[in-house]
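For reference, the structure discussed in these notes is given below.
The values are calculated or read from the model by the stated rules, or taken from the named source; none is laboratory data. This structure is a prediction, so every number in the text was calculated from the model and none was measured. A quick note on method: Cβ atoms are made from the backbone with ideal geometry, for glycine too, and the neighbour counts reach across all protein chains shown.
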Amino acid sequence: MALLFLLVQLFFFPGAASAFRLPKEALAIGGILCILALAVSSRLRSGDLPIARGPLAVALVCLPLLQAASALWGADPRRALGAAAVTTTWLACAFWLATLDDDHRWRIAYLTAAGTAISAIVLMVQAAGVPLLVVGVAQGSRFRLSGLAGNPADLATSAVLLLPLLLTAAATGGRAWRRWLLICVLVVAAVVSQTFTGYLALAAIALVWLVRRRSLKLWLATAGLVLIALALALGTGLGERVRRQARLIELGDWYSAISARSDGWTAAAEMVRERPFVGVAAGHFTHAYYPSRLAWLEARSATGRRGELATHFEWAHCDPLQIAAELGVIGALWVIAVGWSFVRTRQRGDPLPLLAVAAAAPFLLLHYPTHLTVGVIPIVLLLGHTLAGQPTFRVPRLRAGWRAVVPALLVAAALAGVAWQLHRLALDVWRADLELRLEQSHGAAEPLRRAQIAATVERQVLERIERLPGAAPWLWRVVGKARLLRNDAPAAEQAFRTAGALWPHEEADLGTGLALAAQGRRGEALLFLGRVCRVNPALVRQLEDPDLRRAVEDLNRARRREQARTRE
């Protein structure tokens, strides 16, 4: 398990793309399932499997049950069941960690931290100007500092969430200098990553730690470390980012200052308003994002302010709010119950729970650590250490007749889970290949060559689309793009409308509008294009027809004037 967690931290994928996160998740979940199947089978046969019980354990187990139950009302039950399966895997790992002795748990935590530290060193080398990795982003962008985590914010999440474990271990003595060295590397990396959420978490951890320790030496050492980290960060571009953010706040542009997070927050708030009791179902935030964001804007006669073509939010950038959006009031109560039980189970003198809350709270409220593998691993480690101090009950030893059946079932379930993850990964790679081929075909000089590439992509998708019902929405969008490339606008309209019916999405509305415009049906086209460009005005740049572009821009300007009058 320790080597698996280290390996996940050392996987590298370009930080500018979002798809880099899926291979890490597939590796982690597949590996955990195999390890747990073998370990649990062995302990069941020997009759030595203690399982934590108590308020925290009960609260944690309730989450996958609620997610699975939400399949009853979700638009796509597969999404809810998939979310429940992923949650079950991570929680099973936490409960299994609680069965280990302290030495084994600390060993796993140290190797995980070592993997993060190696990634952090790569990030710092990049910050020093050494082109160690090619990440495919502009030199002035913060995302060139990918480390091996794939994204500076993800690296900061992993580094900061591991600090409570390392600080608690350092306080126990015994080779403490190694732990302090890891702590220093992770703190410096979190600062150099220029992640403001990480700064909040570091400040909260430092406050809790220093107040508890009441040591002048620690205060001075912390101050020195902060000064060193800030000096390194200022030398790698932090000063410019701070000035930019300060300027945005001075202008009152809070939307840009918080990196457009309000798009996800407002969509989640709309989901809560529309379905307050049961939510939209687990795993459905991304499915309901576009119609919810659009409904929020329409209710206020407002227009969105996205300035980049990537407009869709897969997560809300606030995990408690997302749980409330997906599971309604029940989900919100679950968040409160977990928080209460986590603090309530704290043993006297144990600093870990308070440090964990200080580290996790900023990320939970402003990021999405429970949806990032490099963030979930530290959370699972923290849960494992906390559950280890709780009362347990022992699963009775398997009887002779079950000693072969139960291990076989566990191994079969693990293999099914690995196959599921590999299937997800293969689909993602195939999708990326299809999108890349269509994008490259745009640059083809000969129309005949573009049409041939588009026809090949369309044929490949249509041959498999019936066998992949879960992937049908984005596959139909790919078909629509291919048909637009070969100038078959009526067929493209049909594909995009089918995709939009399965999953209301910005790409589906944009493609439908472009297909209608290509047929000369400008009035109908404006209905779709005006709607999608209301959510993300940057998509206007996708409209090659200058008259159509002006018409959509006029719609957005009229909405802004109406919004201004409403405010007055």
- Message: Going residue by residue through segment 524-534, is there one that turns out to be among the aromatic types (Phe, Trp, Tyr), in contact with a Leu (Cβ under 9 Å, 6 or more places away or on another chain) and farther than 17 Å from Tyr289 by Cα?
- Response: no
- Take the residues of segment 502-558 that are of a type in the set (Asp, Glu) and part of a helix (DSSP H, G or I): which is nearest to Thr286 (Cα to Cα)? Glu506
- Task: For segment 230-253, indicate whether the set of residues that are more than 27 Å from Ser158 (Cβ to Cβ) and surrounded by 14 or more Cβ atoms within 10 Å (Cβ to Cβ) is non-empty.
- Result: yes
- Item | Selection within segment 201-231 - within 24 Å of the chain's Cα centre (by Cα) and modelled with pLDDT under 90 | Ala203
- Inside segment 189-204, the number of residues satisfying the requirement of being part of a helix (DSSP H, G or I), touching a residue at least 24 places away in the same chain (Cβ under 8 Å) and either surrounded by fewer than 24 Cβ atoms within 10 Å (Cβ to Cβ) or not assigned by TED's automatic domain parsing to the domain that holds Ala113 (or both) is 4
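Filter segment 319-375 down to residues that are of a type in the set (Lys, Arg) and in contact with a helix residue (DSSP H, G or I) (Cβ under 7 Å, 6 or more places away or on another chain) and give me whichever is surrounded by the fewest Cβ atoms within 10 Å (Cβ to Cβ).
Only one residue fits best here, namely Arg344.
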- Take segment 285-302 and flag every residue that is surrounded by 24 or more Cβ atoms within 10 Å (Cβ to Cβ) and not small (Gly, Ala, Ser). Phe285, Tyr289, Tyr290, Arg293
- Which condition breaks for Ala281 when tested against (1) in contact with a Phe, Trp or Tyr (Cβ under 7 Å, 6 or more places away or on another chain); (2) outside any loop (DSSP other than H, G, I, E, B)? (2)
- Message: Can you tell me which of (1) more than 14 Å from Ile377 (Cβ to Cβ); (2) of a type in the set (Ser, Thr, Tyr); (3) modelled with pLDDT of 90 or more is the one Thr195 doesn't meet?
- Response: (3)
- Message: Yes or no: segment 425-433 includes at least one residue that is under 22 Å from Ala83 (Cβ atoms), touching a residue at least 12 places away in the same chain (Cβ under 8 Å) and touching a Lys or Arg at 6+ places or on another chain (Cβ under 9 Å).
- Response: no
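Rundown of residues vs (1) closer than 25 Å to Arg261 by Cα; (2) surrounded by 19 or more Cβ atoms within 10 Å (Cβ to Cβ); (3) among the charged types (D, E, K, R), yes/no style:
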{"position": "Arg464", "(1), (2), (3)": "no, no, yes"}
{"position": "Arg477", "(1), (2), (3)": "no, yes, yes"}
{"position": "Glu506", "(1), (2), (3)": "yes, yes, yes"}
{"position": "Thr512", "(1), (2), (3)": "no, yes, no"}
{"position": "Leu516", "(1), (2), (3)": "no, yes, no"}
- Message: Could you go through segment 522-537 and let me know if any residue there is within 26 Å of Leu555 (Cβ to Cβ), among the small types (Gly, Ala, Ser) and touching a helix residue (DSSP H, G or I) at 6+ places or on another chain (Cβ under 6 Å).
- Response: yes
- Item | Matching residues in segment 446-460 - criterion: being of a type outside the set (S, T, N, Q) and either in contact with an Asp or Glu (Cβ under 6 Å, 6 or more places away or on another chain) or part of a helix (DSSP H, G or I) (or both) | Pro447, Leu448, Arg449, Arg450, Ala451, Ile453, Ala454, Ala455, Val457, Glu458, Arg459
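Just one of Leu44, Leu97, Leu56, Leu6 is touching a strand residue (DSSP E or B) at 6+ places or on another chain (Cβ under 8 Å) and crowded, with 17+ Cβ neighbours inside 10 Å; which is it?
Leu44
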- Residue match in segment 331-351 (condition: among the basic types (Lys, Arg) and part of a helix (DSSP H, G or I)): yes
- Being part of a helix (DSSP H, G or I) and more than 25 Å from Leu6 (Cβ to Cβ), is that true of even one residue in segment 383-394? no
- Message: Within segment 552-563, does at least one residue satisfy the condition of being over 22 Å from His312 (Cβ atoms), more than 34 Å from the chain's Cα centre (by Cα) and either assigned by TED's automatic domain parsing to the domain that holds Leu294 or in contact (Cβ under 8 Å) with a residue 40 or more places away in the chain (or both)?
- Response: yes
